[in-house]
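The values are calculated or read from the model by the stated rules, or taken from the named source; none is laboratory data. On a predicted model such as this, the values are computed, not experimentally measured, just so you know. Positions of Cβ are generated from backbone atoms using ideal geometry, with glycine treated the same way; all protein chains shown enter the neighbour counts.
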Amino acid sequence: MQVLAAGELQLIVNINIQNYQNSMANILAIVGRPNVGKSTLFNRLTGTRRAIVNNTAGTTRDRQYGKAEWCGREFSVIDTGGWVVNSEDTFESEINRQVNLAIREADVVLLVVDVNEGVTQFDQEVAHLLRQAGKPTVLAVNKVDTYENQYGAPEFYKLGLGEPFILSAENGLGTGDLLDEICSRFKSDSGDEEIEDLPRFAIVGRPNAGKSSILNAFIGEERTIVTDIPGTTRDSIYTRYNKFGKDFYLVDTAGIRKKAKVTEDLEYYSVVRSIRAIENSDVCILMLDATRGIEAQDLNIFSLVQKNKKGLVVCVNKWDLVESKTNADIKGYENAIRERLAPFTDFPIIFTSATTKQRIFKVMETALHVYENKNRKVPTAKLNENFLPLIENYPPPATKGKYIKIKYCTQLPNTQIPTFVFFANLPQYVKEPYRRFLENKLREWWDFNGTPVQLFIRAK
């Protein structure tokens, strides 16, 4: 059992190390005019069906964000399609605004065109913007569903974006070659400027939640900025703070700003900028507006934190504007937040005011504590000492008359988040409720507040 476990353990360790090394902030933005198959391609790349697909132009209105993986390399994918409801000139104003934002923020831009309709004026306009920006661009000619359709692809050479890749997003034709090209265009992490191995915190949230205010309240008056290190590959800015015995980096999110009065634009802009901040951080401080509660933008950013497996501290700002502040009100507010963000509910919630500086330093102290939890190591002997008697008394439910026995558990080293492996004789029969049971006990016995935890059930 020990030899097999060690072999499988090493395999899991190697996979986790590789995923950690390749999970840096690479962003792919899918752009193109309506009804060329962007959402279909998004679903295929991310392996989901989150984006609604319809033949009607302009179906995508809620922007979609997902994670994709190809040959061991992870990257974020953004579907930029959609129309703004209250925009008078949808074609000119909104689409061009989205394309410009995608060009500015993405590492690689994927322009999708329709082989059946040939080169259109809008295709030419977008291609012109891409050539001017000089961003790495891949051209995908979609809807090549038949052998004859591929002969229409050479027409798109006139866009001046290099070789067009033919594909059918609907049935997967050509997606492998396309992904190879996309991954080759991502910048290498080797060119990044060196920064010290210190905790990295990102203050994220929707516009006007108080991110800049709390940042200024935290470092402005004390003048605690020691070093600004700009110019990493992913254009993140690390501001170092080393005052009062604390030493860490703040990942600059000052670029999250109100760029227009259109609500969907605000959401899109805040989430796109948050992607970089989240992926370049260890712990995310999610700012909520106490006067407005949790909105769709907050949920989108929270989902990004979860997908990227980052530590979380929820900061409810503008608490000074709330009239009733009784313990019952605070408890009710906390319960409402955890209910909206379920199933992950084991994270700290702090009520602050950037204006009055109420509890702002507690936010950073809590973020440091979450960082420590994220790197917590539990000795194997302690794990088995606690879990084996528990599992013996409360074993996994039998399935199809077969009894499941868990003999051994351990924590994997060198992982992005705390990761544990339980070795069982029939791991395929261990259901999700029992996994949650084990995770809840793990959090009960050891402090993993604010950090996600991974549990694997493997054959012994």
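Pairs needed: first member in segment 373-399, closer than 25 Å to Pro199 by Cβ and free of Cβ contacts under 8 Å to residues at least 60 places away in the same chain; second member anywhere, among the hydroxyl-bearing types (Ser, Thr, Tyr) and buried (at least 17 other Cβ atoms within 10 Å of the Cβ); C-beta distance under 9 Å; at least 6 residues apart or different chains.
Listed by first residue and then by second, the contacts come to Asn375/Thr451.
Would you mind finding the one in Gly191, Gly160 that is at pLDDT 85 or above, surrounded by fewer than 19 Cβ atoms within 10 Å (Cβ to Cβ) and not hydrophobic (A, V, I, L, M, F, W, C)?
Gly160
Filter segment 256-274 for residues that are surrounded by fewer than 24 Cβ atoms within 10 Å (Cβ to Cβ) and at pLDDT 65 or above and give the result.
Scanning segment 256-274 gives Val271, Arg273.
From the set of residues in segment 271-311 that are touching a strand residue (DSSP E or B) at 6+ places or on another chain (Cβ under 9 Å), of a type in the set (Gly, Ala, Ser) and not in a helix (DSSP H, G or I), which is nearest to Glu339 (Cα to Cα)?
So, considering only residues that are touching a strand residue (DSSP E or B) at 6+ places or on another chain (Cβ under 9 Å), of a type in the set (Gly, Ala, Ser) and not in a helix (DSSP H, G or I), the one nearest to Glu339 (Cα to Cα) is Ala290.
Output the number of residues of segment 119-142 satisfying the condition of being out of contact with any Gly (no Cβ under 6 Å at 6 or more places or on another chain), surrounded by 13 or more Cβ atoms within 10 Å (Cβ to Cβ) and outside any helix (DSSP H, G or I).
9
Within segment 75-118, take every residue that is within 15 Å of Pro136 (Cα to Cα) and assigned to a helix (DSSP H, G or I) and give me the one that is modelled with the lowest pLDDT.
Val99
Residues in segment 149-182 that are part of a helix (DSSP H, G or I) and of a type outside the set (Gly, Ala, Ser): how many?
16
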